[in-house]
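For reference, the structure is listed below as C-alpha cells.
The values are calculated or read from the model by the stated rules, or taken from the named source; none is laboratory data. No experiment lies behind these values; they were computed from the predicted model shown. A quick note on method: Cβ atoms are made from the backbone with ideal geometry, for glycine too, and the neighbour counts reach across all protein chains shown.
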Amino acid sequence: MKKNKNIGFVGTESELVAMTKDLDELHHDVGMPAMWEGVSNMIDNLQSDDASRGTSRRTFLMGVGGAVAGSAALLSVGLNPLHAAAATTQKPSPKSILTSAAFPPAGLKGDLAVAAVAASLENLAVYAYNAGLSAATAGKLGTVPPAVATFATTALAQHTQHAQAWNAVLAANGKAKVTVVNPTLAPTVNADFAKVTDVTGLAKLALTLETIAAETYQAETSKLSSAAAIGLSSSIQPVEMQHIAILYYVLGEYPGVQSASGSPLAFNPTNQAA
Amino acid sequence: MNVDPRALNELLDESQDLQADALRPTRDALDELVEVNRSATIPDPLENVDFHQSHREGVVASLAGAPLLAAAGGLALVGVLASAASAASSQDIQILQTAASIENLAVATYKTALTLPYIGSSSANAVVNKFARVTMNQHAQHADAFNAAARALGGKTQTKPDPAFVPVVNKAVASLSGASAAQGTLGVVGLALELENIAAETYVKDTVLVRSSTNKALFASIMGVEAQHVAVLLAVQALLNANAPQLISLAPGTAASLPAAAGSVGFPNAFYKTNNAAPATQGAVK
C-alpha cells in the first residue's frame, strides 16, 4: 500500500453524494415500510392474548405513517437530521437522567420490558450524538472531518428511528413511551463525554455506546418470546454493527469486531451487553 | 506506508492464534448448549415437510433480489432446488445446513479472489488484502460453527457451497479474466458485497426462524459480523468508484481526507432488510 500523503478527495464527491441519496431514497421507499410492517406484526403478536386493548394495528400504522411523513417533511425543507430527531422525539436531558429512578418502568414485563430498555439505549445514543454534534459545532473538538460529521448525523437519525420503533410498540400496547436515557449507563457516558476533547475521543465514546447497543440486542435475541420482537431486534443489531465498523475505520483500526488487543473476531461477543 | 508482506503475515497469524484462543470458550459453550438443544428438540416429519414447502417459493425471490447473482443460470436451478430431498431433516438442521452452504461459497469465493494479483499479491491494496484474508477465515469459522450445530442435532455436515449461487459466482469470476486491476478489484468487491449481504439478510431472517435459543444466539453472533463486511465493502466500493483508492487506508490522517458521503455509505438502512435472504432450505443436505 502506498503511503497516504493526505491526498484529498478529488472531484468525484458528487458521485458519492448521489449514491448516498439513492440509498437514502431506497431506505425510505423500501426499508421503512417493511420495518413498520414488522413492528405492527410485533404489536399484533403481543396483543393476541389481550383483545380488550384499544390500540389497534390500524391505529398504529396510521400513527407511524404520520411520524414518517413528518420526518420526511422536515428533511425536505432543509432541516438536518439533528433537528428532525429533536422534533420527533423528546430530547433527553441530564435532568431526565437523574429523575429516572425505577427502570424499566413498573408494569412492563417480558418483551415490553426489553422494548423499554432498548428505547432507553437508543435515547442514550441520540443524546450522546446530539451532544457530540453540539460540541463540534461550538468548536470544542477541533477540526471535524466531513465524513465524521456525516457519520454522526446519519447514525443519530438511525438511532432516532430505532427509538421510535420501540416506543411505537410500547404505545400501541397502552404503555408510556420511554423518553429517558438508560439510567444505568448515563452517568458513565456523561463522565466520559466530559473528558472528550477531540474527534478521536468522541469516536471512541460512540464506539463504546454502539458496542453496548449491538451486544444488548444480540443477547436479547435468544430471550425475547415473540417472533416479531426478535425480528425487530435482529433488524437493528446489524446496523449498530455497521456503525461500529465505520467507527473503527475512522479511528484507523481494523474495521470489524475485535478483541481488546485488536484481533478481528468472527463471532460478536456479548460481554458488554447492558 | 511500506508494507512488509512477511511481517503482515506474521501479524495475521498471530491474530488468528488469538482468535482461536478467544473462540475456545465459545465453542465449549456451544457444545454444551447444543447438548441441551438436542434433548429439547423433537423433530416432527410432517412439520419439516411443511416448512420445506413453505420456503420453496423464496428461491426465486432470493435470486431475483441479487442483480449479479441473478444473471443467466441461477433461475434455472429453481426447479432442482425446489425438489431438494431435505424435508426429512428438522427445520433447524435445514437452516443450519443452508447457512453452512453460504459460508462454504463465501470461503471459496474469497479463496479464488486471493489468487488474483490485485487482491492477493503484495501489490494489492493492503487493507483489501487483509480484509479478504481475515474475512475468508471468519467465514470458515462460521461454516464450522453452523455444521457443528447441525451435527449435534443429528444432521449431516454441509461441505458444499450453496447450489443456487455456484454457477453465477463462477460466471462472475470468469468475467474478471483479463480485467484491469481497477476493474477487477471493483468486480471482486461487487461480488463479495452481494454474497455478504445475502449472508447477513439470511441470518437476520434465520434468527427468527430457528426454534432453539441456542441457534438463535449462534445466528445473532454472526449476522452482525456479515453486516460489518457489507459496510466495509460498501465503503471500499464507493471509494473505488470515486477514483480514490488511496483513501482505502488505515493510515493516520486518512479520516480527515475522506469525502463527507463516506461517513454514511456503509450503513444505508436504519433497519436491516431481509428481502434478499436465501430460502431457509436452499442449501440443506440432500
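Considering B:Gly283, B:Gly266, B:Gly224, the condition of being assigned to a helix (DSSP H, G or I) and within 27 Å of B:Ala172 (Cα to Cα) is satisfied by B:Gly224 alone. Look through B:Lys156, B:Lys130, B:Lys171 and report the one residue that is assigned to a loop (DSSP other than H, G, I, E, B) and in contact (Cβ under 8 Å) with a residue 40 or more places away in the chain. Unique residue meeting the criteria: B:Lys156. Restricting attention to segment A:247-263, does a residue exist that is at positive phi, at the interface with chain B (Cβ under 7 Å from one of its Cβ atoms) and surrounded by fewer than 24 Cβ atoms within 10 Å (Cβ to Cβ)? Yes; the residues of segment A:247-263 include at least one that is at positive phi, at the interface with chain B (Cβ under 7 Å from one of its Cβ atoms) and surrounded by fewer than 24 Cβ atoms within 10 Å (Cβ to Cβ). Selection of first residues in segment B:260-272 that are within 12 Å of B:Leu234 (Cβ to Cβ) and of second residues that are at pLDDT below 95 and in a loop (DSSP other than H, G, I, E, B), restricted to Cβ pairs under 7 Å at least 6 apart or on distinct chains, gives an empty result.
Filtering A:Ala147, A:Ala136, A:Ala85, A:Ala118 for residues that are at pLDDT below 50, within 14 Å of chain B (Cβ to nearest Cβ) and in contact with a helix residue (DSSP H, G or I) (Cβ under 9 Å, 6 or more places away or on another chain) leaves a single hit, A:Ala85. All told, A:Ser235 meets the bar of being under 21 Å from B:Gln228 (Cβ atoms) and in a helix (DSSP H, G or I). Take the conditions (1) surrounded by fewer than 24 Cβ atoms within 10 Å (Cβ to Cβ); (2) away from chain B (no Cβ under 13 Å); (3) in a loop (DSSP other than H, G, I, E, B); (4) in contact (Cβ under 8 Å) with a residue 60 or more places away in the chain; A:Thr197 misses just one of them, which is (4). Within segment B:211-229, the set of residues being hydrophobic (A, V, I, L, M, F, W, C) and either within 7 Å of another protein chain (Cβ to nearest Cβ) or surrounded by fewer than 24 Cβ atoms within 10 Å (Cβ to Cβ) (or both) comprises B:Ala217, B:Ala220, B:Ile222, B:Met223, B:Val225, B:Ala227. Considering each residue of segment B:231-242 in turn, at least one proves to be facing chain A (nearest Cβ under 7 Å), among the β-branched types (Val, Ile, Thr) and closer than 26 Å to B:Phe146 by Cβ.
Residue-level check: of (1) more than 7 Å from every other protein chain (Cβ to nearest Cβ); (2) hydroxyl-bearing (Ser, Thr, Tyr); (3) assigned to a helix (DSSP H, G or I), B:Thr207 misses just (1). A single member of B:Ala179, B:Ala251, B:Ala260, B:Ala256 is surrounded by fewer than 21 Cβ atoms within 10 Å (Cβ to Cβ), out of contact with any Phe, Trp or Tyr (no Cβ under 8 Å at 6 or more places or on another chain) and more than 11 Å from chain A (Cβ to nearest Cβ), and it is B:Ala179.
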